Every structure is written in structure tokens, then in C-alpha cells.
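Just so it is clear, none of the values below were taken in a lab; they were calculated from the coordinates. Owing to the predicted nature of the structure, the values given are computational and were not obtained by experimental measurement. Ideal geometry is used to build each Cβ from the backbone, glycine not excepted, and the neighbour counts take in all protein chains shown.
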Amino acid sequence: MSALLNNKVTVITGGNSGMGFATAKKFKEEGATVVITGRSEEKVKQAAAELGVEGIVADVQDLSSIDSLVEQVKNTYGAIDTLFVNAGVFVPSPLGQIEEESYDYQMGINLKGAIFTLEKFLPVLKDGASVINLSSINAYTGMPNTAIYAASKAALNSFTKTAATELAPRKIRVNAVNPGPIATPIFGKTGMPEDQLQGFAAAMQARIPLKRFGEPTEIADLVCFLASDKSSFMTGSEINIDGGININPLLS
């Protein structure tokens with residue numbers, strides 16, 4: 001049985017941890033040539049060595065950094081088959097306490113960074129390539145303290161649909177993945193105290209119909225499917241992978 005992604009060249013932004021790391025591992029197992037990116041030179045280097053893939057330091061907030069990334073990828077590989085726009089950040093803030101700095105930070109990475117990652121990779125995307133944008137069910141849930149994060153993801157989903165329409169003549173497919181609560185380090189980076197984090201996690205888990213958080217490997221499996229020829233008739237789609245929380249948010 002042949003691997004799903006044999007000989008496909010893939011770039012994964014934010015590939016040094018969490019869902020990006022798990023997806024890079026899955027892609028490599030399925031025969032892809034993988035390039036991961038991230039902002040921290042130390043973390044990118046460590047993850048690339050562990051995965052046995054190429055790591056390139058790039059900050060998607062900085063458009064010249066994306067230009068440099070594209071140039072390096074072009075010089076080494078010529079063109080790519082898959083782009084997983086995964087880099088993202090979450091800073092919880094209630095209305096009345098939203099600061100311009102955290103707004104710019106989240107929008108700069110989650111939306112502007114995502115848009116310009118695709119924009120600048122367009123010349124090196126092969127016709128028939130697959131683009132996967134990592135979004136979130138937060139785009140629709142109205143969850144407290146997530147206004148800016150949710151807005152950035154809702155905008156990304158809208159962008160995904162337009163991009164899918166415009167890139168269809170090149171047979172480039174653009175889809176979005178909306179994870180629910182996934183066990184990744186992003187929650188630990190929010191600055192919440194440990195006991196508060198534990199309480200938040202327990203309350204969240206109780207509301208999920210499947211009564212557990214998702215695993216990064218489960219996201220990786222879905223992204224791998226979207227990157228493969230198995231999903232050749234899918235574009236402009238948003239796929240919820242959330243343990244059912246979005247269909248029954250009031251379940252407790």
C-alpha cells in the first residue's frame with residue numbers, strides 16, 4: 001500500500017509544536033518532504049532534528065520574513081504541493097480589557113500572517129496543490145474572553161472560501177479545519193495560573209459530547225487527508241473536528 005503523500009513537498013507554518021508538529025510527523029510518515037517553520041530558532045531547530053525534516057525560522061507577522069522563507073523553499077524545492085497555514089496565537093481578554101497590543105498580535109499572526117503566507121507562496125504552489133488553513137470552532141461559539149481570537153478565525157474562514165473560488169482555475173484547493181479543544185501547549189501559553197487552567201480544562205471537557213479533548217494526532221490525520229488526492233473534490237470547505245461541541249454547545 002503506497003503512502004498517501006509520496007513525493008509531495010509540504011510547508012507547515014508553526015510546525016515546531018502542537019498540531020503543526022504532529023502533522024509534520026504524520027506527513028513524513030506518509031512519504032512527504034516536509035519543511036516546518038516557527039519564530040524561535042531554538043524550537044525550530046530542535047523540532048526539525050527530532051522529526052528529521054527541514055526547519056526554517058520565519059515570523060509570519062513580518063512580511064519580509066515570509067519573503068525570505070518562500071525564497072529559501074523555492075531555491076531548494078522549486079515548487080510545493082501542500083501548504084498548511086497553522087501558525088496561530090491565543091490571548092484571552094474580556095471586553096473592556098482588550099488591549100491594542102494583543103489585538104495586533106493575534107490579528108497579525110492569525111489573519112494577516114495567514115493571508116500573506118498564502119499570498120506570497122502562490123508563485124511556488126503547483127497547480128493542483130492543497131492549502132489547509134487552521135481555524136477554530138471559536139469562530140462560531142461566542143465563547144467569553146475570545147473575541148479577538150474568534151474574530152481572526154471567522155475572518156480566516158471567510159478568506160478561505162474566497163481563496164478557494166479564485167484559485168479553482170489553477171485546481172488549487174483551499175480548505176479550513178476548525179478544531180475544538182485540543183490538548184496542545186497553546187493553553188499553557190495564555191498566562192493563566194495553573195489551577196485556573198485546570199479548572200477551565202475540566203469545565204470545557206464536561207461540555208464536549210465525547211467527554212475528552214482532541215489529540216494533535218487526530219488533527220494531523222484530517223490535515224493529511226485534505227493534503228492527499230483522497231480529498232480531490234473538496235475545496236472551500238470548513239471541517240469541524242471538535243468532539244461534537246459545536247452541534248450541542250449547551251450539553252453539560
Response to the item:
Computed from the beta carbon distance with a Förster radius of 22 Å, FRET efficiency for Lys126 and Ser237 to the nearest 0.05 stands at 0.60
Discussion item. I'd like to know which of Gln196, Phe225, Ala163 lies farthest towards the positive end of the charge dipole of the chain, counting +1 on Cβ of Lys and Arg and -1 on Cβ of Asp and Glu.
Written reply: Phe225
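Residue separation times 0.36 nm, minus the C-alpha to C-alpha distance between Glu166 and Asp62: what's the value?
On the way: separation 104, 0.36 × 104 = 37.44 nm, distance 2.49 nm.
Length gained between Glu166 and Asp62: 35.0 nm.
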Discussion item. What distance in nm separates the two pseudo spin-label positions at Asn7 and Met204, each 7 Å out from Cα along the beta-carbon direction?
Written reply: 4.1
Worksheet item: What is the local net charge at Leu156, summed over the other residues whose Cβ is closer than 14 Å to its Cβ (Lys, Arg +1; Asp, Glu -1)?
Response: +1
Worksheet item: So for Ile247, Ile132, Ile137, fewest C-beta neighbours within 10 Å to most, what's the order?
Response: Ile247, Ile137, Ile132
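Compute the length gained on full extension between Ile98 and Ala154: take 0.36 nm times their separation in residues and subtract their Cα-Cα distance, giving the result in nm to one decimal. Before the final figure, lay out each step's value.
Details: separation 56, 0.36 × 56 = 20.16 nm, distance 1.80 nm.
Result: 18.4 nm gained on full extension.
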Worksheet entry | the range 29-173, Rg to Rh (Cα coordinates; Rh as Kirkwood inverse mean 1/r) | 0.99
Worksheet item: Once phi is turned into ³J(HN,Hα) by the Karplus curve 6.51 cos²θ - 1.76 cosθ + 1.60 with θ = phi - 60°, what whole-Hz value does each residue of the range 82-93 show in order, with x for glycine and proline?
Response: 9, 10, 9, 8, 10, 4, x, 9, 9, 10, x, 8
Worksheet entry | J(HN,Hα) series, the range 139-145, from Karplus relation 6.51 cos²θ - 1.76 cosθ + 1.60, nearest Hz, glycine and proline x | 4, 10, 8, x, 5, x, 6
Practice prompt. Take the alpha carbon atoms of the range 16-42, find their center, do the same for the range 126-170, and report the distance between the two centers in whole angstrom.
Written response: 20
Response to the item:
Looking only at aspartates and glutamates whose Cα falls under 17 Å of Lys43's and that sit 8 or more positions away or on another chain, we get Glu54, Asp59
Worksheet item: In the set (1) 68, 39, 35; (2) 48, 38, 37; (3) 52, 42, 32, which value of Cα extents along the principal axes in Å was calculated from the structure you see?
Response: (2)
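Please tell me which of these pairs span more than 19 angstrom C-alpha to C-alpha: Lys25/Lys120; Lys126/Lys153; Lys126/Lys230?
Values: Lys25/Lys120 25 Å; Lys126/Lys153 26 Å; Lys126/Lys230 17 Å.
Table pairs above 19 Å Cα-Cα are Lys25/Lys120; Lys126/Lys153.
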Item to complete: Output the DSSP H helices from the chain with an along-axis C-alpha extent of no less than 27 Å and a mean Kyte-Doolittle hydropathy no less than -0.5.
Response: 147-167
Practice prompt. List every residue whose amide H lies under 5 Å from the amide H of Ile80, counting only residues 5 or more places away in sequence or on a different chain, with H placed 1.01 Å from N in the peptide plane.
Written response: Leu125, Lys126
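Subtracting the Cα-Cα distance from 0.36 nm times the residue separation, let me have the gained length for Leu197 to Asn248 in nm, one decimal.
Gain in length upon complete extension: 16.1 nm.
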Worksheet item: Dividing the alpha-carbon radius of gyration of the range 111-252 by 2.2 N^0.38 Å (N being the number of residues), what value is obtained?
Response: 1.13
